[in-house]
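Read the structure below first, then the notes.
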Protein chains: 2
Amino acid sequence: MSDDGTARPKRSDAKRNEQSLLEAAAAVFVASGVEAPVRDIATRAGVGTGTIYRHFPTRADLIIAVYRHQVEACAEAGPALLAAGPTPHAALGHWIDLFVDFLVTKHGLAAVLRSDNTGFDTLHAYFLDRLVPVCAQLLDAAATAGEIRSDIRPLELMRGIGNLCIGAHEDPTYNAPKLIDALIAGLRHPPKP
Amino acid sequence: MSDDGTARPKRSDAKRNEQSLLEAAAAVFVASGVEAPVRDIATRAGVGTGTIYRHFPTRADLIIAVYRHQVEACAEAGPALLAAGPTPHAALGHWIDLFVDFLVTKHGLAAVLRSDNTGFDTLHAYFLDRLVPVCAQLLDAAATAGEIRSDIRPLELMRGIGNLCIGAHEDPTYNAPKLIDALIAGLRHPPKP
DNA sequence: TTGCAAAGCGGAACAAGGTTCCGTATCGTC
DNA sequence: GACGATACGGAACCTTGTTCCGCTTTGCAA
């Protein structure tokens with residue numbers, strides 16, 4: 001919605017600034033995490049704060065823009081894994097690994113997935129819109145194959161995984177992938193009815 | 001550290017205000033969640049914001065004070081469950097249920113358990129100091145009995161559980177206890193060596 | 001009962017973060 | 001070269017936690 005071809009053509013300085021902002025944001029996110037102050041990003045890009053908001057209506061939109069292609073890659077990997085994997089449950093596991101890798105790699109991105117934070121609804125919505133269907137497909141396949149309990153909804157699982165990734169970057173003691181591994185393992189079969 | 005008998009005796013108005021604050025905070029937490037602004041609590045208690053900070057050096061300390069007895073109860077339930085339950089794993093499960101109940105009940109408490117938030121270190125530390133040993137005992141017992149994988153550290157598990165509870169209150173779609181159930185189930189035995 | 005120092009109080013003021021606003025500068029076209 | 005539309009910068013605003021300080025209340029003692 002900010003880069004589709006039908007938009008009014010932008011002035012050259014605007015295009016240049018948008019690019020600077022994306023680069024500066026990416027750099028700052030790596031250095032200080034996704035929670036870095038908007039002002040820092042503006043400074044780094046050599047623009048005013050107002051400029052950020054003209055290009056990206058909200059902080060979340062900037063984050064989305066920075067990570068969009070990685071999210072796309074993750075989304076596209078789903079069907080591929082399902083086709084390639086030995087079983088749907090294995091494919092689900094691998095896909096979750098990708099997702100977790102993404103979340104854990106990005107300094108604090110996970111914490112931001114929860115929507116009630118200041119104005120992160122957009123980001124939340126984007127992630128979910130894009131990835132929930134993929135997760136649903138994997139989950140369905142595994143449930144249909146009788147490998148896992150069938151009372152887990154995709155959104156629920158994604159949210160749980162996201163939550164488990166929170167803070168994974170700060171505390172070396174906390175091994176999110178391990179817990180997620182356990183969670184996925186625990187999905188197999190209902191305990192007992 | 002704010003209510004032990006050896007402290008200098010307080011003036012009567014101070015005692016009264018501390019009580020009002022605890023009550024007001026409890027009420028506001030129920031109504032608006034633990035993240036409610038300090039000013040709201042002060043207003044509700046009919047005191048100035050400064051008064052809050054004289055009694056509770058930081059927001060987190062107020063939260064601790066409000067929930068202290070519930071945390072104690074949870075801590076004390078651990079050994080009891082271990083003694084009563086059929087197996088250590090069952091006891092662990094029940095104890096986690098208690099813990100989760102507590103977290104989920106309190107509007108947003110879970111989100112606050114992660115320490116990197118502004119000044120919640122105290123709260124984080126208190127919860128962990130009090131509950132991690134209990135969790136350790138249960139985990140040890142279950143691991144020793146060979147019921148669960150032995151590479152899970154107490155702090156790690158607690159943290160994961162806490163994370164899974166985040167946002168449970170806001171979104172009826174998100175069933176934290178179910179996921180936690182799966183996680184606990186997934187703790188049994190290493191998947192494959 | 002009255003006086004006084006210590007203890008406590010209220011709320012203005014400060015810091016930090018996101019977001020908005022608007023006067024000014026720049027771009028692109030005629 | 002001029003002019004309107006577009007974009008820019010950054011000051012200003014809002015919300016939240018926290019600190020500070022002049023004033024009030026309390027409790028004790030004379």
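The values are calculated or read from the model by the stated rules, or taken from the named source; none is laboratory data. Predicted, not measured: the structure shown is a model, and the values here were computed from it. Backbone-built Cβ (ideal geometry, glycine too); neighbour counts: all protein chains shown.
What to note about this one:
- Condition met for A:ASP140 (among the acidic types (Asp, Glu), within 11 Å of chain B (Cβ to nearest Cβ) and without any contact (Cβ under 8 Å) to a residue 12 or more places away in the chain): no
- Scope the range A:154-181; condition in contact with a Gly (Cβ under 7 Å, 6 or more places away or on another chain), outside any helix (DSSP H, G or I) and at the interface with chain B (Cβ under 7 Å from one of its Cβ atoms); matching residues: A:TYR174
- Sole exception among (1) among the aromatic types (Phe, Trp, Tyr); (2) closer than 23 Å to A:ASP181 by Cα; (3) at pLDDT 95 or above for A:TYR53, by number: (2)
- Flag for B:HIS124 being over 15 Å from the mean Cα position of the chain (by Cα) and more than 8 Å from chain A (Cβ to nearest Cβ): no
- Neighbours by Cβ (under 9 Å, 6+ apart or cross-chain): first from the range A:27-49, in contact (Cβ under 8 Å) with a residue 40 or more places away in the chain and assigned to a helix (DSSP H, G or I); second away from DNA strand D (no atom under 16 Å from the Cβ) and of a type in the set (Ser, Thr, Tyr): A:PHE29/A:TYR67
- Within the range B:44-59, tally of residues that are within 7 Å of DNA strand D (Cβ to nearest atom) and in contact with a Ser or Thr (Cβ under 7 Å, 6 or more places away or on another chain): 1
- For the range B:182-193, the candidate set comprises residues that are crowded, with 22+ Cβ neighbours inside 10 Å and not in a loop (DSSP other than H, G, I, E, B); within that set, the residue that is farthest from the other protein chains (Cβ to nearest Cβ) is B:ILE184.
- In the condition set (1) among the charged types (D, E, K, R); (2) in contact (Cβ under 8 Å) with a residue 12 or more places away in the chain; (3) within 11 Å of DNA strand D (Cβ to nearest atom); (4) over 28 Å from B:ILE166 (Cβ atoms), B:ARG11 is compliant with all but (2).
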